[in-house]
Structures are given as structure tokens and as C-alpha cells.
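Student: Before I ask anything, here is the structure I am working with.
The values are calculated or read from the model by the stated rules, or taken from the named source; none is laboratory data. Given the structure is predicted, the values throughout are model-derived calculations rather than measurements. Using ideal geometry, Cβ is built from the backbone for each residue, glycine included, and neighbour counts are taken over all protein chains shown. To get the accessible areas, we keep the full protein, side chains included, count just its heavy atoms, and leave off ligands, DNA and RNA. Shrake-Rupley method; radii C 1.70, N 1.55, O 1.52, S 1.80 Å.
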Amino acid sequence: SYMSVPRGQDVRCVVVDKGLDVADDWIAEHIDTDDVCITADIPLAARCLEKGAKVLGSRGKEFTEESIGEALATRDLLSSLRDQGAIGGGPPPITKKDRSKFLNQLDRIIQSIKKR
């Protein structure tokens, strides 16, 4: 379907084939140290960190080499609990506070990249 893409020299739309993790594979293969990955996908965040990129969650939490292990373990635990029926549902909706934190962190990350 149609996707609106902002015009700019650093923005482009890439279409990949269908399939499990095909988009993640493309991102992980092409991401670089001056790139920012914005994702709620913890395994993708880990792959991007391995390539030296900055990674920001949709709620404004920056993933780092120090924090990704705990995030992966928590993800696996929650997935297991959902599979067993012990818990249900997903995360709560994004709040104004989350959005503000996200925008502040994104600006901080971009400024730190520009300073390099």
C-alpha cells in the first residue's frame, strides 16, 4: 500500500520481499554507526547495537550494550508467560509522557551523532 515518505536526503523508502524477519534482516545488514534504529523489537535492537548503531524504543528508552541483555531476558520471560496463558495482552498505549521522553531522547541521540 501507499506509504508517505518525508522528502529529504537522508530518508528513503525500501521495499523488501515478504517473509519472516526479512525487513529486520535488511535493516541489520544495512545499519551503520551513524544510524538510529527506532524499534520496539528487542531482537532487532540487539542486532543493530552489534553493528554500532544507536537504538531507541518507541517509548523513549534507549537500548545500550549494557541494557540489551536484560531487555532480551524480560522479552523471553514475558513471551513464555503469554504462551502459558499466565498473562495476556500487550503493552499499554503510548502516553503524552512517553512521546515527550521519546522526542527528547531522539534529539539527544541525533545531537550526539552530529558531534562525532
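Student: Might you check whether a residue that is in contact with a Phe, Trp or Tyr (Cβ under 8 Å, 6 or more places away or on another chain) and not hydrophobic (A, V, I, L, M, F, W, C) occurs anywhere in segment 60-69?
Tutor: Yes, the conditions are met somewhere in segment 60-69.
Student: Return a yes/no flag: does segment 11-24 have any residue that is open to solvent by 50 Å² or more (accessible area, probe 1.4 Å), under 12 Å from the mean Cα position of the chain (by Cα) and at pLDDT 95 or above.
Tutor: Among the residues of segment 11-24, not one is open to solvent by 50 Å² or more (accessible area, probe 1.4 Å), under 12 Å from the mean Cα position of the chain (by Cα) and at pLDDT 95 or above, which makes the answer no.
Student: Ok, one more. For segment 31-38, indicate whether the set of residues that are crowded, with 16+ Cβ neighbours inside 10 Å, within 25 Å of Asn104 (Cβ to Cβ), under 11 Å from the mean Cα position of the chain (by Cα) and of a type in the set (D, E, K, R) is non-empty.
Tutor: No, segment 31-38 contains no residue that is crowded, with 16+ Cβ neighbours inside 10 Å, within 25 Å of Asn104 (Cβ to Cβ), under 11 Å from the mean Cα position of the chain (by Cα) and of a type in the set (D, E, K, R).
Student: Is it the case that segment 52-66 has a residue that's closer than 18 Å to Ile31 by Cα and open to solvent by 100 Å² or more (accessible area, probe 1.4 Å)?
Tutor: Scanning segment 52-66 turns up at least one residue that is closer than 18 Å to Ile31 by Cα and open to solvent by 100 Å² or more (accessible area, probe 1.4 Å).
Student: Val55 - would you say it is closer than 22 Å to Gln111 by Cα and not in a loop (DSSP other than H, G, I, E, B)?
Tutor: yes
Student: Quick check, is Lys54 touching a strand residue (DSSP E or B) at 6+ places or on another chain (Cβ under 8 Å) and either modelled with pLDDT under 95 or more than 22 Å from Val22 (Cβ to Cβ) (or both)?
Tutor: Considered against the rule, which asks whether it is touching a strand residue (DSSP E or B) at 6+ places or on another chain (Cβ under 8 Å) and either modelled with pLDDT under 95 or more than 22 Å from Val22 (Cβ to Cβ) (or both), Lys54 comes out as yes.
Student: One residue is enough: does segment 70-93 have a residue meeting the conditions in a loop (DSSP other than H, G, I, E, B) and crowded, with 16+ Cβ neighbours inside 10 Å?
Tutor: No, segment 70-93 has no match at all.
Student: Among what's in segment 25-38 and is assigned to a loop (DSSP other than H, G, I, E, B) and either of a type in the set (A, V, I, L, M) or out of contact with any strand residue (DSSP E or B) (no Cβ under 8 Å at 6 or more places or on another chain) (or both), pick the residue that is modelled with the lowest pLDDT.
Tutor: Checking each candidate, the answer is Asp34.
Student: Hey, among Lys101, Lys114, which residue is open to solvent by 100 Å² or more (accessible area, probe 1.4 Å), assigned to a helix (DSSP H, G or I), more than 23 Å from Ala23 (Cα to Cα) and modelled with pLDDT under 95?
Tutor: Lys114
Student: Could I ask something else about it? Among residues belonging to segment 39-51 that are open to solvent by 50 Å² or more (accessible area, probe 1.4 Å) and not in a loop (DSSP other than H, G, I, E, B), point out the one that is nearest to Lys97 (Cα to Cα).
Tutor: In this case the residue turns out to be Arg47.
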